[in-house]
Structures are given as C-alpha cells and as structure tokens.
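One structure is given below, encoded as structure tokens.
The values are calculated or read from the model by the stated rules, or taken from the named source; none is laboratory data. Since we're looking at a predicted model, the values are computed, not measured. In this analysis, Cβ positions are derived from the backbone assuming ideal geometry, glycine residues included, and neighbour counts consider all displayed protein chains. The protein model used for the area step is the full one, side chains on, heavy atoms only, and it has no ligands, DNA or RNA in it. Shrake-Rupley method; radii C 1.70, N 1.55, O 1.52, S 1.80 Å.
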Amino acid sequence: MTSSIMLNGQDPAALTAEATNRLSHYYQVDSERQAFIHSILERIEADAKKISDLELDLEDQKRSRAIYQSKSMNLESDMQRLAQKLNKNSFVVVLIDGDGAKFADEFLRDPVAGAERAAMHLKQAVRENLRDISGLGHDDIPIIVRVYANLNDLSKSLRLSYIIDYDEDMRLFAEHFTNTRADFDFVNVGKGKENADSKMRRMLNHYHRNFQCKRIFLAGCCHDNGYLHDLRDYTGAADDRVVLVETTPAEPAFRNLGLPILRFNDVFRSEPLNNETKRVITTMPTRARSPPQPPPGFGPIARPVQPIQKPARTMSPVPQESKPSPTVDTSSPVQTTVAPEQPPVRTPSVISSGNGGTSISYATAGGATDHQNVIVKAPKPKKQPKIIFYNVDNYRIDSPTQHPPRTPAQTSYQAKFQSIKPSVFCNDFYLKGRCKWGISCDKTHDAELTAPELAIHRYKARTSLCPAGPYCVDYDCYLSHHCPRSPCTRGDMCPFTNTEKWGDLHLTKDQIQPATKWTEGIDLPEHLT
C-alpha cells in the first residue's frame, strides 16, 4: 500500500503546480507593466517634443505679432495722415452744361446784379444739400463751379425767347458770374454741338478720379440722352459721389440709372425756351386686361411698378425779322417770288410760319392800283411720320423681322466686318444716318455698305436688347425691345430671357397685339383697342 508524503498537509505536486502558475502570472503582469511604462515614456518624449516645437512657434508668433502690430500702427498712422490731408483739401464741384441748363430769367435779365445773385443761390443750394452729409456739412468746404456753354448760340436763343434784350447781356452775365467767386468759371466753348458735352465728360472723369472731390453735381445733362452711356460707368457706387441736377424734365432713362436726382428751382429754369424743342412728360394710360393679370413678379413679363412716361415733342415757331425784298428765297418747302409790274416798288410783308415756310400779307401785296404776281411752287412731299406701337401693358411692340437671305452680301459683309477689327461699325451712323460724336467717334464710319449689307447689319442690331427695354420712347431706335425670334429656340442663351429689369421679354401672341399708337410730333396717343 503506497502512502503519499504530505507537506504541511498539502500534496507537493499540487503545491509546485500552483507556484508555477503564479510565477507565470507574475511574469506576465511584470511584462505588461514594463510595456505600459515604455509606452508612457515614449508618449512623454513625443509630447515633450511637441511642447518644444509649440514653444518655438509661440516665440515666432510673438515676434511676428510684434512686427505686424508695429506695421499696423504705422499703416493706421499713415491712413490717418492721408485722411487728414484728403479731408483738409476736400472740395465739391458743380459741372453745368450751360446749353442745357439755363439760369432763371430773373438773373439773366439783370446781367450784372443777377450774376451775383445766381452765384449766391447756387452756392446756397449746394450747401443745403451737403448739410446732412457726414464730413461735408461744414460751411468752409470749397465749392468749384464750371459752366460750359456756346455763348453765341445761347445768347441768340435767349434773345429770340425774349429773355434778354441783347446778345451782349449774356456775355456780360457770364463775365460777372466768373468774377463773383474765385472758384466760379463761366467758359465759352465756342461754336460746335459737342464742345460743351466733351468738356463735361472730361471734367467728370477728372474729378471722379480725384478722391479729394467729395461730390460732383451735374446740371443740364438730364435732357440729353447722349450722356447716358458715360453716366452708366458711375452707377452702383456706394458713396453716391455723382449727383444729377434736373432742370427741364429729365428723360426717363436717367431715372433708371439709380443716381440721385435733385432740383435747384431757385437757380435754373424748369422749362425749355420758346424756340427749343419741348419735351412734355405725359403718363401713358393703362387699361385692364381680361382676365385680370397676376401681381407684379409673376407671369412671363415682370410688370412695371411705376407709371410709364413718354415725352412728346412740339416745336414752337421762332420769330423772324421781316426783310424788305421783292424776292424771298428760302430752303422751306414753299418758295415765293414777288415781281412788281411797274415802279414804284411796293414791298410785301414776309412772315415766317415757324415751320420753315413763308407767307405774304396780301393786304400789302396788292391794292387798288398796284398788282403783283405771286408764284407759289408746289411743296415737296412730306416724309411719313414715325410711329411706335405699345401693347396693353405699355410694352413697346417691334415690327417683325426676318433673317436676311443667303446671298453674296453675307460674305462681303463679313469680309468688311473683319477688315475693320478691332473697331466695329457705328450703329448710329449706318442705321440712323447720323452720329452725334462725329469725327470723335471711336467706331467706323468710312466703310461703304451696300443696301443688302445694311439689311444684314440692321438685323444684327435687332438681335440686341435696347437699354431702355420695353419702355423705350426713341422713334429712331434700331434695337429690339422684346425677342424678335418667333419661336425662340435659344433657351437660356437668349438675351431676352430673364432680364434683370423686365423679366422675360418673350411675348405671347396676345401680348404682341398693339393697343396704343404714338406718332412723332403728336402729343397724345391713338388707342387701337
């Protein structure tokens, strides 16, 4: 019988196994502890390196911040000095197209004292406008005034309108106006339609580039659409440095520019002279459609918010002096020749009709004993008046147009077009027959276009949108006021799709129907529906 040896009451084999297991466990724990300690040490070392790098970056940032702070302080100091210099020498300028903006009659009739009063009222009107503007409300800011006019023609117009008695009165007024203030000048630009306009454009550009010029008042421009192209370059600015001064009623397109428009009623005439073309702004009546239209912003065309205004033109007769002469020869449609049969010569009274024709007072042309032969030539045929059609929404309706046929003129037109590049054909010269810029125009005038080539050029112009959109009132406009294609296949590429001001200008068949007809020279429209 085998007996086992017990150690402290335990089996030695079991005790050895237990000790071996515990020793293995202790080895494992010790290995894990060492691995953990190594990982901690590696992390500490990595963090220490990061901290060292960050400390270096911090020192670099501190140095950079100090440098930038110093530069910033220097720049701020420089800006303050520049601002002080700009504000110290700041000024405002008033540019006046004297051919378009006439001073009030009360000033012109008294050329010496009236010039002083006109200058004083103009200065007060400008200061009153500046009073609520920050930095410009003080009374010591200089005001520079430049008036550009053709004194010869202006004097004649004022005399014929019975504003002044003699041409010399206007020259005397200009001289005294110039001498009232050191910064006031009345400049005689001499004879030439564009002389005053060109100086106005050049001075506007000059003063607008001068940051010391805080405001630019433009007077006498709102009646002349020739300024529109130049003024568009100054729209959209946040400072509103360019301000329009309206004298006679402004053309509608000027109000669409978004520039401030003022009136100095105590300084300038608000009506044209009697011998000038008068533009009367009349509201075009609107008629309700059936069924009722949706509110603005819906439908194919955005409806206008404001009533549409259309200028009508009338010409007042210009008084002419009677000239005692037996023969009257004018460039009017009617020419009259008076030939006495016997001496003594009896002089007829010759009267200008105001529209270019002449007539004879028959109370003096013939009598009981005197007889005169009156020969009247047949008048030349009158040109057909120009017309504009509008639909019930007061949108201008263009006449239909077709793509020119494929002819050799297409090739010759393209050849001429390529030969003048980078210039282009002047639309006004070729399509209106006249260009207001004359020899100063930067577009081509000297290329000869045949009738088929002109038709091609006119069609190309009709594919462009008129800047005045569907509210254009120009009888000679050669652009389109709605999409000329029917149907239009250009989709989003069409310039008449989703226009910024007027929405979609693709008119439906009903919208293309004319409802109102305006005729050139007639103040009121003809309603067709």
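Table for the structure above
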item	result
Restricting the stretch 139-156 to residues that are assigned to a helix (DSSP H, G or I) and either hydroxyl-bearing (S, T, Y) or open to solvent by 20 Å² or more (accessible area, probe 1.4 Å) (or both), the residue that is farthest from I216 (Cα to Cα)	K156
Spans of strands (runs of 3 or more DSSP E) in the stretch 213-310 with at least 2 residues modelled with pLDDT of 50 or more	213-219, 242-246, 261-263
Subset of the stretch 94-136 that is outside any helix (DSSP H, G or I), within 19 Å of R263 (Cβ to Cβ) and of a type in the set (G, A, S) - its residue that is modelled with the highest pLDDT	A104
The lone exception for A455 - which of (1) without any contact (Cβ under 8 Å) to a residue 40 or more places away in the chain; (2) over 21 Å from N225 (Cα atoms) it fails	(1)
Per-region count, the stretch 177-189, residues open to solvent by 60 Å² or more (accessible area, probe 1.4 Å) and part of a helix (DSSP H, G or I)	1
Which numbered condition W518 misses (of (1) open to solvent by 40 Å² or more (accessible area, probe 1.4 Å); (2) among the aromatic types (F, W, Y); (3) touching a Lys or Arg at 6+ places or on another chain (Cβ under 8 Å))	(1)
Pairs where the first residue, in the stretch 189-210, is over 20 Å from N225 (Cα atoms) and the second is open to solvent by 30 Å² or more (accessible area, probe 1.4 Å) and not aliphatic (A, V, I, L, M), C-beta under 8 Å, 6+ apart	V189/N195; V189/K199; G190/N152; K191/N152; K191/D153; H208/Y234
L136 being surrounded by 11 or more Cβ atoms within 10 Å (Cβ to Cβ) and in contact (Cβ under 8 Å) with a residue 24 or more places away in the chain	yes
Criterion: out of contact with any Asp or Glu (no Cβ under 8 Å at 6 or more places or on another chain), assigned to a helix (DSSP H, G or I) and at pLDDT 90 or above - qualifying residue of L56, L86	L56
Residue within the stretch 157-173 that is in contact (Cβ under 8 Å) with a residue 40 or more places away in the chain, open to solvent by 50 Å² or more (accessible area, probe 1.4 Å) and part of a helix (DSSP H, G or I) present	yes
Residues satisfying the stated conditions in the stretch 473-528, i.e. touching a residue at least 40 places away in the same chain (Cβ under 8 Å), in contact with a Leu (Cβ under 7 Å, 6 or more places away or on another chain), over 24 Å from I456 (Cβ atoms) and not in a loop (DSSP other than H, G, I, E, B)	T516, K517
Lone qualifier among P467, P422 - being out of contact with any Leu (no Cβ under 7 Å at 6 or more places or on another chain) and more than 30 Å from H527 (Cα to Cα)	P422
Extreme residue, nearest to S480 (Cα to Cα), among residues of the stretch 397-414 that are open to solvent by 60 Å² or more (accessible area, probe 1.4 Å) and assigned to a helix (DSSP H, G or I)	Q414
Residue list for the stretch 465-478, filter: touching a helix residue (DSSP H, G or I) at 6+ places or on another chain (Cβ under 8 Å) and over 19 Å from L257 (Cα atoms)	D476, Y478
Subset tally (residues that are of a type in the set (K, R) and either outside any helix (DSSP H, G or I) or open to solvent by less than 20 Å² (accessible area, probe 1.4 Å) (or both)) for the stretch 190-206	2
Within the stretch 421-464, considering residues that are among the hydrophobic types (A, V, I, L, M, F, W, C) and open to solvent by 50 Å² or more (accessible area, probe 1.4 Å), the one modelled with the lowest pLDDT	I439
